[in-house]
Amino acid sequence: MKRIGETQMIKITDLEKYYRTEEVETIALNKLSIEVKTGEFVAIMGPSGCGKSTLLNILGMLDDPDGGSYVFNGVEVAHFNERKRADLRKHNIGFVFQSFNLIDELTVFENVELPLIYTGIPSAERVKRVEEVLDKMQIMHRRNHYPQQLSGGQQQRVAIARAVVNKPKLILADEPTGNLDSSNGNEVMELLTDLNEQGTTIIMVTHSEHDARYSHRIIRLLDGQTVVENIMI
Amino acid sequence: MIKNYIKTAWRNISKDFSYSMINILGLAAGLASFVIILLYLNYELSYDKWDPELKKVYRVSTQINSDILQQTSAPLATFIAQKYYNAEAVTHLMSAGDYKILLSTDEKKIYQKDIITVDTSFLKVFPYKLIRGDAKTALNRANAAILSEDVAHKLFGDDDPIGKTVRAYNYETYEVTGVMQEPASPTHLVAKMLMRDPYEKSNNFWGNFSFQTYIKLKNTATNALVEGDINRIYYTDHLKKDNLSFEAYQKKSQHTSLFVDAVADIHNFPKHGSTNFTTVTILLLLAVLLLLVGAINFSNLSIAKSMRRAKEVGVRKVLGSNRTQLIFQFMIETALQCTISLGLAVLAIGLVLPIINQSFNITLTFWGQGNNLTVIAETAVCLLVVTLLSGLYPSFFLSRFNTARVLKGDLSSGKKGTVFRNCLIVVQFMVSVFFIISILVIKSQMNFMQDSDKGFSGQQVMRIETSQKTREDGFDHMREQLTELPGVSYVSKTTKVPGDLLFVDTSTIGFKYAGKEYRLASIKISKDYFKTLSVPMVAGRMFNDEVGDQKTRSCIINESAVKKLGLTDPVGRVITFPSCDSIPVKIVGVVKNFNTLGFENTVQPEVYTMGNNACMFQSGGAVLVKISGDHLQQTVAAIQQQWKKIEPDFPIQYSFVDDNFQQVFIAYNRLQQIITFFTSVAITISIMGLFALTAFFCRRRSKEISVRKVLGATITQLAFLLSKEFVYLILLSVVMITPIGWWAMEKWLQTFAYHINLGGWIFLAAAIISLCIALLTISFQAIKTAIANPVKSLRSE
């Protein structure tokens, strides 16, 4: 049963982002306005270069918008400085990437533990929570392995474990199945659906219509603007 | 969190072990050199600080017009003790310094240096601890002697020396009343034996300037205050004439005054005279440059490696790390590597210090000698500075990465990073090229000095130490006994032996000629002195047995003296010694200038006379024996045998004048060794850095190289492409350092009266050497990349 809350988690209004070189200015987001409610699972689709990843980076507070408003949980964050953004991010947002982005020098356990270190969770509590989430992702037996020793599917499960270990309110997933075969891809989508059903808001960028069907709503972008929104029933 | 940082750092070091080792070893070499120089600086600064009471001790010296004398009048010490309100104790002494005095017991005879003739107050001023005997009474007896531990051991073994007797010069007998502990740090006044002055009570003559005077104050005061006080009482009691006020006298251009040096300042910061401290400061500066070269390697390699760390930075930012935390993480990583470098540097220092101590005759220790706290503090500061120097820029650079871009795989670091990196390479090679220029200039100057005509020949000329008796009254007898030996050509004596750095007399006195005063050096010789050293005459004659020569009515002068006196036809002119206007001394000959003091100074104007019959008594120096023929060893053996008859109580001490003259090069030989060492370290570090850096860039450009190769580029073209950027940078380094190097070397050469002219070839050679070294380093990697199979690289991309 998909549960969507009434409270608004994200509201962006007239969001703008430009990429400038010495000669050319490219508009990545052109006065884009979107709202996402708490508990929603939203898929963002569109052709390459339409601004999907740019939008996700701004939503994840990894990048600054050049104009417009971004309200997160009722707070205007568009002009937050690096420190404030980092603080807000580490307490509220988890990320899942297409290329997993695990740190090669850390073991599975240490990779998953990392967000807890940054939020200042005590060591004993960290061990408990990491073990819990590894268990849930069925990757516990690989806790002392390094990322290079795992399959793609296993690496993405570790990445999801890392994204959820801090119990974020929002998960931003950038083509989470892009580097996986269909079987592993489906497993990942099931995991994300489970998380959503437990209350986590998910915004996922994808090229896959199949994956998009797991969401409540699909936002299609073209040239930095919303062209259509499909509500999934 | 710190645990996580250290863990990541350690794994990164292990993962890139060879590059990490280049980083670490390069820095360790710089650190080791720096710490050694720091230890040397500590050693120099620790002079005369072996007891807190020494802070109150000052040496009094005399200035007569423009002449500086470390010695003061014999009665000055007693005078100050009686008249100066702030004097707690005053002592005067005569130190034999490096001059070796014969000490004998019934069973042993040793030649010992650093023997000091003292008065009863010595231990009240210099707080030596006695391990045997009582410091309060040890110097009370008229023939008392206090020995250092090692001299006591040399003379008496493990026996208790107290109450036993020691003879000095086979003349005076002393009773040992104490054994003193060696001071914990070096001192300008090394004391291996203290002997009570047998003539202490008769030293009342104000004209006797044979003593050094030291005051211990009741309360510490500034030098100026002490000088003001003692000069006022000295003037009032001894110098005052015509009711001239003290202030008016002080303003006169010609006047006598006293000045003081705190003992702790004598070695490094004397008011007058030379100091070693400038050399130490220059060495420290060079060591800082080396450290900088090591730190630059570190920064450059870290930046070069940054593309590997970019993803990690991005992920950490995504997971909540802010920039400060990332900077902190990278600084910890740098600190970890710096600590490892420091550990290796300490190990290297442990291995190198004994060699340095032996080569430079000093006692540097990393641990012990009461300097532990200083060393720990300095090392900690050094580690901090190096960590900041090496890690700060890479940390800021790495933490600045745009998260979104690096996670997308965009690793371009922008122009700013490249410019800064190139600047660092330029600075690094500037330092290396500077060292290469230095070594070429020093080597050329050394060769010039070694090959230059000294103006005399010291080949097969023995220099023999003698007692004053043999040198003066017994000279003719000794000469007869030696000249009868086969192989001995000439026997002569001089008060100034070429190359002698012991008691070398560079002072001049005011000779008079035609009513005017000319400051010339006075040297007493015997008649065959110039023949012994093969010094040619340019006018007049050599000394002979004429009465005028023997009775100091004739003199020979050198070319510098002729110039100073402004004479065109010097032979037959008459000069007079100071205060001897009534005794004329006729110039009978002029000798060609010859160099006795090395090449730093021009040849002094010198007046040579024979005997001590008129005006000025001069002694010291040595006897010179010229040996001819091929049987040097037999002749030396025969001289040794004969010497037992000439001076039965004094075992012969001899050296050769040629070897003796090498002493003037010792300081420069050391400088050359040190600069060679610094150059090798600087070049090694730079090569290591350049090697690693080239490897990184070649790896980064491997795809581009493969594409170019597929499109038809040759290996030479590719190697040139990869090398040219670095070659330009090194050429730029050479261009930038050349004027600085020229200026610095010109300054250094100006300290020599006789020196080479700086030629463009030195700078050209330095440029070629640096370029060759760099090209060899770069081309290895460049060629390796250029000949690699392009398919591999393209597939992996």
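The values are calculated or read from the model by the stated rules, or taken from the named source; none is laboratory data. Predicted model, so just to flag it, every value in this text is computed and none were measured. Positions of Cβ are backbone-derived with ideal geometry, glycine not excepted, and every protein chain shown enters the neighbour counts. Note: accessible area is taken over every heavy atom of the protein model, side chains too, but ligands, DNA and RNA are not part of it. Shrake-Rupley method; radii C 1.70, N 1.55, O 1.52, S 1.80 Å.
Within the set of other residues whose C-beta is less than 13 Å from the C-beta of A:Ala78, count the net charge using Lys and Arg as +1 and Asp and Glu as -1. Result for the local shell: -2.
Computed with every protein chain present, the accessible area of B:Thr78 is close to 80 Å² [probe 1.4 Å].
Inside 10 Å of the C-beta atoms of A:112-118, what's the mean count of C-beta atoms belonging to other chains?
Working: counts 0, 1, 9, 5, 2, 10, 9.
For peptide A:112-118, the averaged partner shielding equals 5.
Inter-chain Cβ neighbour count for B:319-328, averaged per residue, equals 6 (cutoff 10 Å, partner chain atoms only). Here is the list for the range B:590-673: chymotrypsin sites (Phe, Trp or Tyr not before Pro) lying in DSSP coil, each with at most 16 other C-beta atoms within 10 angstrom of its C-beta, are B:Phe617. The protection proxy used here, the mean number of other Cβ atoms lying within 10 Å of each residue, ranks peptides B:289-297, B:735-743 as follows, highest first: B:289-297, B:735-743.
Solvent exposure of B:Val381, expressed as accessible area, is near 90 Å², computed with a probe of 1.4 Å over the protein chains only. For chain A, the longest principal axis of the Cα atoms and the long axis of helix A:182-197 meet at an angle of about 80 degrees.
Contact-buried residues of the range A:46-93, at a threshold of 50 Å² lost accessible area versus the chain by itself: A:Leu62, A:Glu82, A:Arg83 (1.4 Å probe; DNA, RNA and ligands ignored).
Find, among the trypsin sites (Lys or Arg not before Pro) in the range A:1-107, those assigned to loop by DSSP (not H, G, I, E, B) with at most 14 other beta-carbon atoms within 10 angstrom. Walk me through the numbers on the way to the answer.
Values: sites: A:Lys2, A:Arg3, A:Lys11, A:Lys17, A:Arg20, A:Lys31, A:Lys37, A:Lys52, A:Arg83, A:Lys84, A:Arg85, A:Arg89, A:Lys90; in loops: A:Lys2, A:Arg3.
Passing sites in the range A:1-107 are A:Lys2, A:Arg3.
In what sequence, highest mean first, do B:161-172, A:105-116 appear when ranked by Cβ atoms within 10 angstrom?
Going from most to least packed, we get A:105-116, B:161-172.
Normalised by the number of residues in the range B:63-205, the average gap of Cα pairs under 8 Å and 6 or more apart makes the relative contact order 28 percent.
Check each of the GluC sites (Glu not before Pro) in the range B:685-756 and keep only those in coil by DSSP with at most 13 other C-beta atoms within 10 angstrom; list them in order.
Numbers: sites: B:Glu704, B:Glu725, B:Glu746; in loops: none.
Answer by residue number: there is no such site.
Looking at chain A alone, DSSP beta bridges between its own residues are antiparallel in about 55 percent of cases.
Which whole-number percentage describes the relative contact order of the range B:508-653, with Cα contacts under 8 Å and a sequence gap of 6 or more? Can you show the working numbers first?
Details: 233 pairs, mean separation 42.3, N = 146.
That works out to 29 percent.
Projecting the Cα atoms of B:Leu27, B:Leu76, B:Asn140 onto the dipole axis of the range B:14-140, where Lys and Arg carry +1 and Asp and Glu carry -1 at the beta carbon, places B:Asn140 farthest toward the positive end. Against chain A, whose longest principal axis comes from its Cα atoms, helix A:108-118 is set at around 60 degrees.
Most simply put, chain B has about 80% antiparallel DSSP beta bridges, counting only bridges with both residues inside it.
Please report the antiparallel percentage of DSSP beta bridges with both residues in the protein assembly as shown, rounded to the nearest 5.
Details: 88 of 125 bridges.
Restricted to the protein assembly as shown, the bridges split so that about 70 percent are antiparallel.
Relative contact order of chain B, please, whole-number percent, based on alpha carbon pairs below 8 angstrom and at least 6 residues apart. Taking the mean separation of contacting Cα pairs over the length of chain B, I get 15 percent.
With every protein chain kept in the model, how would you rank B:Lys271, B:Lys113 by accessible area, 1.4 Å probe, largest at the top? List each step's numbers first, then the result.
Values: B:Lys271 105, B:Lys113 80 Å².
Ranking B:Lys271, B:Lys113 by accessible area, largest first, yields B:Lys271, B:Lys113.
The residue among B:Ala221, B:Ile282, B:His188 whose Cα reaches farthest toward the positive pole of the charge dipole of chain B, with charges on the beta-carbon of Lys, Arg, Asp and Glu, is B:Ile282. Membrane-span-like helices of chain B, defined as complete DSSP H segments with a Cα extent of 30 Å or more along the helix axis and a mean Kyte hydropathy of at least -1.0, are identified as B:17-45, B:277-304, B:323-360, B:372-399, B:414-451, B:663-700, B:715-749, B:760-787.
Order the following by accessible area, largest value first: A:His145, B:His153, B:His255. Probe radius 1.4 Å; ligands, DNA and RNA are ignored. Numbers along the way, then the final one.
Values: A:His145 55, B:His153 105, B:His255 35 Å².
So, going from the largest accessible area down, we get B:His153, A:His145, B:His255.
A simple charge model with +1 on the Cβ of Lys and Arg, -1 on the Cβ of Asp and Glu and nothing else charged puts the dipole of chain B at about 4300 debye relative to its Cα centre. Under 26 Å of direct C-alpha separation, and excluding same-chain neighbours fewer than eight residues apart, B:Lys154 reaches these lysines: B:Lys100, B:Lys108, B:Lys109, B:Lys113, B:Lys129, B:Lys136, B:Lys164, B:Lys192, B:Lys644.
Using heavy-atom solvent-accessible surface (probe 1.4 Å) with all chains present, what is the largest-first order of A:Glu125, B:Glu472? List each step's numbers first, then the result.
On the way: A:Glu125 65, B:Glu472 45 Å².
Order by accessible area, largest first: A:Glu125, B:Glu472.
When the accessible area of the range B:196-298 is split by element with a 1.4 Å probe, what percent falls to carbon and sulfur? The C+S portion of the solvent-accessible surface of the range B:196-298 is 56 percent.
Accessible area per residue, 1.4 Å probe, Å², for the protein assembly as shown: what's the number?
Working: 46240 Å² over 1030 residues.
Using a 1.4 Å probe on heavy atoms only, each residue of the protein assembly as shown averages 45 Å².
The C-alpha atoms of chain A define a longest principal axis, and helix A:152-164 lies at about 80 degrees to it. Computed from protein heavy atoms with a 1.4 Å probe, the total accessible area buried between A and B is close to 2400 Å².
Taking all protein chains as present, what is the carbon and sulfur share of the accessible area of the range B:474-585, in % to the nearest whole number, probe 1.4 Å? Numbers along the way, then the final one.
Values: 2600 of 5050 Å².
Accessible surface attributable to carbon and sulfur in the range B:474-585 totals 51 percent.
Only alpha carbons enter this Debye calculation for chain B, each as an equal point scatterer, and the log10 of I(q)/I(0) it gives at q = 0.07, 0.09 Å⁻¹ is -0.72, -1.03.
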